[in-house]
Each structure stands twice: as C-alpha cells, then as structure tokens.
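Notes follow once the structure below has been shown.
The values are calculated or read from the model by the stated rules, or taken from the named source; none is laboratory data. What you see is a predicted model; the values in this text were computed from it and never measured. Reconstructed Cβ throughout: ideal geometry from the backbone, glycine too, with neighbour counts over all protein chains shown.
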Amino acid sequence: MTRLSEDRTEDLIRESLEHLATRAPDGAEIRDALVQRSRSRPKMALALVAAAVAIIVLGVPLGLRAFTAVPPASQRNADWAVLPYKPGWLPDGFRETARSAKPYPAPQTREWSGGELGQIQLTSTPLSDERSGPWTIAPAPNQIIVHGKVGMAVEVSGQGMMLTWSPDDVYLLTMRLVDVKDPRAVGERIAGEMVPDNRARVSGELRFGQLPADLESSGVRTFMKVSGGVTELEATQPGQPAAAAAVTASLGGDRPEADGAEPVSLKVRGLDGSYLPERDGRFGHQYGAVSVQLEGGRWLTVSGKRDQATLLGIAEGLQIVPGDYSWFGKPPE
C-alpha cells in the first residue's frame, strides 16, 4: 500500500486556492459592476453577462459570510478528534487504513485504501481567522456544487484529483483520490454524501512524558502494518504544529533498520536496547534513534534531530496506554 503524503496537505490546499484565484473573476466585484451599470446597459447585454458568470455568482453568499473559528484542540497528549465529517458512501472495497491529527489549527486526516482500486484521503482544516476572508470561486471547468455551495476540483501532479469545499462555516474539507477510476465523478459523489462525525478519534498507544523545553507534542498517527498496529507521535518546536517533526516516537512490531549503522548497546527502560547513530544509507539520510524491544515483542523507537542523551530521556518518559485499532479495515460506519 502506498502511503499518501501528509507533509504537503496544507501547502497543496493553499497552492490550489492561489492558483485558481489568479484565473477566477471576483464574484463580489462582478455583482457590484452589474448593479452600477444596470441603468445604462441594455437588458439583453445584462442577460448575456449574467449567463456568463451565473455559476460564479452562486458562490457570493459563501464568500461574504464570516467564518467562525473553532475551539482549540484538546490539551497536549490527549486524543484528538480525527474529523468532524466522514464519507457516508465510498466505492465498494475501500477500507480505512490510517488516522492522524495535529493540534488546532493544523489539518486532521484519515485514509482509505482499496488496493488496486486506489486510495482516498480526507483532510479537514479549521477555518480560523487566518484562513477567513472572501472565498475565491473557481473557474467554471473546475467548479463543483456540494449542497448548493461552490467548491473546486483540480488535478494535482503526482497527487491525483483533489476536491476542496466547505460544508459549513467552520471547516475546509480536502479530498485526494489517487489511482481511482473516474476520480472526479467518484469524488463529487463522496463529497455530496459527506456526513458529520464527531466520534472517530485518534487513540494511539503512546503519550509523551516530560519533553525538553524546546519541544512540544505536535501530532499523532495510527495505522496498520502486517506486524500489527502502529502509533507514531511527533514533537516540534513550540507553536509550530504543522512543521516537520524534530523528534518521532513510535510503537510497532517492526525492528528499526540499522541501514549500515553500528548499533551502540545501552539500557532503555531497564531493558537491553540500542542507539543507531545518524547515518546515510539505502533509505536516505536518517537521524539518530534509540530503540528497545518490549515485553510482548513490540519495538519502541525514538528518533530525530537530537543527541543520544535527549532521545534516551524521551524514550524513558514515554507512557504506554491501551490504543484503539478497532476501526482498521472497515468501511465508514
């Protein structure tokens, strides 16, 4: 199964909106122009102009509406809600494979895979004050209408088809369909059958304990591999939840790959563990990693842009709790 990239989700949303904005007339400006010229222009001319921009004008009420900021996500180390929405319908054969979340206002994501049928990723981004303002309507070929509101559908190089729309005044939803047959038609149907979901959560098996002052918890991801469920935690510099992780902690069934490094033996959580120094190998550049096999055979690993002592301290402080993987491999319920 090919893992969909998460790092550029927010960038893709922003790039697509900016790209479309350069090509799209402004609905409010068109409406004002029509009002100002209504007394001097023939009715037939107005009819022709109105016909040309009718689908754009549909979006003006949405563009003028003030978005309401959502409350901040739950406190550090708590479980975050995955998405406020879920698909009410997906093509046969698609099953949920991954969930990830970051603190407000970063995106939250869940993924479904259909094997050879392709992959679908759904991301919600809260519309905060920084993301409010006029909604620029897409040019007609890229427009979609979801329950009377205008959204857009564009092809993204290397990312398949991407649909973006707002089901309410609080969230922006983005859906990517990769290797899906007839992706636009399938995507529009999924968007039309999206339903609220405030129950699904990212409930992993790890919690950060005491972190260094220059780090804070910034994300959690849960997914399944052949060896079983995996939880990954991320930590970044304070106030930068959407930045690339400085440190990652994971609990899963796979032993870390040495990839050419010589392991250094050390005690981790009272057990025989090891430290793999920073290296370049067949998997590319990898930062240092502290790992240990716990009772039951699963591997705990902490890696990132910190020295051995810092990584070891984070590993010692990690809390292991029961996780929830009951959603894995199921269609939307």
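Take the conditions farther than 30 Å from E316 by Cα and surrounded by 21 or more Cβ atoms within 10 Å (Cβ to Cβ) and apply them to A191. Does it pass? Explain how you work it out, then say what you get.
Details: farther than 30 Å from E316 by Cα: yes; surrounded by 21 or more Cβ atoms within 10 Å (Cβ to Cβ): yes.
Considered against the rule, which asks whether it is farther than 30 Å from E316 by Cα and surrounded by 21 or more Cβ atoms within 10 Å (Cβ to Cβ), A191 comes out as yes.
Can you find even one residue in region 202-213 that is more than 30 Å from L311 (Cα to Cα) and of a type in the set (D, E, K, R)? No, that holds for no residue. Residues that are among the hydroxyl-bearing types (S, T, Y) and crowded, with 19+ Cβ neighbours inside 10 Å occur at least once in region 226-238. If the condition is being under 28 Å from the mean Cα position of the chain (by Cα), assigned to a loop (DSSP other than H, G, I, E, B) and not basic (K, R), then region 278-309 contributes F283, Y287.
State whether the residues of region 190-202 include one that is of a type outside the set (S, T, N, Q), over 30 Å from V154 (Cβ atoms) and touching a residue at least 24 places away in the same chain (Cβ under 8 Å). Taking every residue of region 190-202 in turn, at least one turns out to be of a type outside the set (S, T, N, Q), over 30 Å from V154 (Cβ atoms) and touching a residue at least 24 places away in the same chain (Cβ under 8 Å).
Would you pick out the residues in region 102-123 that are in a strand (DSSP E or B) and modelled with pLDDT under 90?
Filtering region 102-123 down to residues in a strand (DSSP E or B) leaves 108-113, 119-123.
Q108, the sole residue that qualifies.
Annotation: V230 fulfils all but one of (1) touching a Ser or Thr at 6+ places or on another chain (Cβ under 9 Å); (2) touching a residue at least 60 places away in the same chain (Cβ under 8 Å); the unmet one is (2). When G253 is tested against (1) of a type in the set (G, A, S); (2) surrounded by 14 or more Cβ atoms within 10 Å (Cβ to Cβ); (3) farther than 20 Å from V292 by Cα, exactly one condition is not met: (3).
Only residues that are surrounded by fewer than 16 Cβ atoms within 10 Å (Cβ to Cβ) and at pLDDT below 95 were counted in region 265-290, giving 8. For region 141-151, the condition holds for no residue, the condition being that it is of a type in the set (A, V, I, L, M, F, W, C), buried (at least 22 other Cβ atoms within 10 Å of the Cβ) and touching a Pro at 6+ places or on another chain (Cβ under 6 Å). Of note, G219 satisfies the criterion of being modelled with pLDDT under 95 and under 24 Å from K102 (Cα atoms).
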